[in-house]
Amino acid sequence: MPRPPVDVPPVRARALLLVLGLAGTVFALMQALVIPALPRIQTSLGTNADGAAWISTAYLLSACILTPVIGRLGEMVGKRRMMLASLATFAVGTLVCATAGSLGELVAGRVVQGTAGGIYPLAFAIIRDRLPRERVPAGIGLISSLLGIGGGLGLVLPGPIMARLSYQWLFWLPLVVILATLVLAARYIPADGPAEAGAGIPWGSSLMMALGLSAVLVAVSESATWHWADIRTLGLLLLGAAALLGWGRAEARSSNPLVDMGLMRLRGVWTANAAAMLIGMGMYASFLIIPEFVQSPVRLGYGFGASVTGAGLFMLPTAAVQLLLGPASGLLHRRFSLRAQLIAGQLSCAAGFSSLAVWHAAPWQIYAATTVLGIGFWLCLVALPNQVVSAVPAARTGSATAVNTVVRNAGGAVGGQLAAAIIVGSAQAGSTAPAASGYIGALILCAAATCAGTLVAFAVPRRSPR
């Protein structure tokens, strides 16, 4: 389908970016917001740690499974329609979470919330359709950087909120923002163009994809409890791999695929997806490693005995740097290639993780490292979706960027669980407290992932074919 005409005047273009930015920020915020609150929620609902973990896992599973479907539906029936539907569903899920009286109700609400995972690919597609061509990279970079900002704020805000209010307010307050965003989106997102003729969702292969992703992500999420060598973990991993392989073969033969596998084989796309998985491993693992490390009691010989609020403040530079640099996305694109941005971003992340593994005895060393990590995350998050967008036709922007989003989230799930296994496994016999070597090992894992990401970034084409 040809690129729709650009008909958004400058003032409305700024309003459009504001609306899409609000949507992306609140989604990323809700992804991280419950992590510091899990112990409080566990106590309030009378459940165990395994049950509470599903509050986070359910959100991840739902988002990963439905994001490609929603991205494809946006190409078929209209991005505006699907954005409004995603925000409305997001609001319903958040309301369910805010009023939940049991673990089952809260997990169900998180599943419904996760259906909004298509917000990012839909936003990228809307920007590509409606902004002047020269403003597209800056707009996509700005929206993408909000993922890191929202994730960072999600670790900072729970402490102050829960110090005065119940955990339910972690859902009530974002609900207000979601509803406001829905109203603004209805006003400022332009009407959709003609629908894609003869298109439809291949539900059979979509179910196969859902089975494969679910099996892999559940195996990864439960690996800390079951252990990696457990028959359940290995069985689910094998089942997931087989289902995803079957899905890929079915998609390659389909005349109406959910994901165009031909596009996924393009050098500019597969390199971006591989880099997204590796940066996802480091980024999401850091959200686990750093807050846990700084909250560790000083008597253990490491850590700073920080509160939940204090631990969030150690992550604040990561979000603050991305917030300050966000408006510079356009200048960055004009001065440097996407390949150079991605290489610099992965190297910055590797430097941040490596320095933190070596120097972590004083608070300023943590702040310095999280600042460097913030720069690296920003560079990668700006470059990755732009790289995918530059390599695929405009009509496939939603589904292609959706796959990139899923791959990054899947990498984050794997990285977080591997880091947790290393940390927990470092505890000495007769003690439940991890050793400092566990945190160092987890940081080295993150550094290794981003070093590998640097090598992948060198394989990104020097210039876009489009």
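Computed quantities for the displayed model
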| read-out | value |
| --- | --- |
| Odd one out for residue 166 among (1) open to solvent by 30 Å² or more (accessible area, probe 1.4 Å); (2) assigned to a helix (DSSP H, G or I) | (2) |
| Of all residues in segment 33-47 being in contact with a Phe, Trp or Tyr (Cβ under 6 Å, 6 or more places away or on another chain) and buried (at least 18 other Cβ atoms within 10 Å of the Cβ), the one that is nearest to residue 147 (Cα to Cα) | 37 |
| Residue within segment 285-299 that is open to solvent by less than 40 Å² (accessible area, probe 1.4 Å), in a helix (DSSP H, G or I), more than 26 Å from residue 150 (Cβ to Cβ) and touching a residue at least 40 places away in the same chain (Cβ under 8 Å) present | no |
| Residue 196 vs. criteria under 30 Å from residue 16 (Cα atoms) and modelled with pLDDT under 90 | yes |
| Every pair of residues 6+ apart whose Cβ atoms lie under 8 Å, when the first sits in segment 112-128 and is within 11 Å of residue 71 (Cα to Cα) while the second is among the acidic types (Asp, Glu) and part of a helix (DSSP H, G or I) | 125/75 |
| Any hit, segment 141-155, residues being farther than 27 Å from residue 57 by Cα, in contact (Cβ under 8 Å) with a residue 12 or more places away in the chain and in contact with a helix residue (DSSP H, G or I) (Cβ under 9 Å, 6 or more places away or on another chain) | yes |
| The lone exception for residue 364 - which of (1) of a type outside the set (S, T, N, Q); (2) without any contact (Cβ under 8 Å) to a residue 12 or more places away in the chain; (3) open to solvent by less than 10 Å² (accessible area, probe 1.4 Å) it fails | (3) |
| Criterion (over 25 Å from residue 216 (Cα atoms), under 15 Å from the mean Cα position of the chain (by Cα) and in a helix (DSSP H, G or I)) met by exactly one of 74, 114, 152, 118 | 152 |
| Residue match in segment 233-253 (condition: within 19 Å of residue 57 (Cα to Cα), open to solvent by less than 30 Å² (accessible area, probe 1.4 Å) and part of a helix (DSSP H, G or I)) | yes |
| Complete set of residues in segment 367-377 that are within 23 Å of the chain's Cα centre (by Cα), open to solvent by 20 Å² or more (accessible area, probe 1.4 Å) and farther than 17 Å from residue 453 by Cβ | 367, 371 |
| Members of segment 1-44 that are at pLDDT 85 or above, closer than 18 Å to residue 125 by Cα and in a loop (DSSP other than H, G, I, E, B) | none |
| Residue 337 being touching a residue at least 60 places away in the same chain (Cβ under 8 Å), under 30 Å from residue 267 (Cβ atoms) and among the polar types (S, T, N, Q) | yes |
| Residue 215 being among the small types (Gly, Ala, Ser) and open to solvent by less than 40 Å² (accessible area, probe 1.4 Å) | yes |
| Elements of type helices (runs of 4 or more DSSP H) contained in segment 356-466, each with 1 or more residues being out of contact with any helix residue (DSSP H, G or I) (no Cβ under 6 Å at 6 or more places or on another chain) and among the hydroxyl-bearing types (Ser, Thr, Tyr) | 363-391, 436-458 |
| Among (1) over 14 Å from residue 142 (Cα atoms); (2) at pLDDT 90 or above; (3) small (Gly, Ala, Ser), the one test that residue 383 misses | (1) |
| Matching entry among 362, 344, 383, 328 (being of a type outside the set (S, T, N, Q) and either touching a strand residue (DSSP E or B) at 6+ places or on another chain (Cβ under 8 Å) or farther than 20 Å from residue 145 by Cβ (or both)) | 362 |
| Residue that is at pLDDT below 90 and open to solvent by less than 20 Å² (accessible area, probe 1.4 Å), where the choices are 453, 398, 425, 438 | 398 |
| Enumeration of residues in segment 218-232 that are surrounded by 14 or more Cβ atoms within 10 Å (Cβ to Cβ) and assigned to a helix (DSSP H, G or I) | 218, 219, 220, 221, 222, 223, 224, 226, 232 |
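Here is a yes/no grid of residues against (1) in contact (Cβ under 8 Å) with a residue 12 or more places away in the chain; (2) touching a helix residue (DSSP H, G or I) at 6+ places or on another chain (Cβ under 6 Å):
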site	(1), (2)
58	yes, yes
65	yes, yes
68	yes, yes
72	yes, yes
89	yes, yes
102	yes, no
105	no, no
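The values are calculated or read from the model by the stated rules, or taken from the named source; none is laboratory data. None of these values were measured; they are calculated from a predicted model. Neighbour counts run over all protein chains shown; Cβ positions are idealised from the backbone, glycine included. With ligands, DNA and RNA removed, areas are computed over all heavy atoms of the protein, side chains included. Shrake-Rupley method; radii C 1.70, N 1.55, O 1.52, S 1.80 Å.
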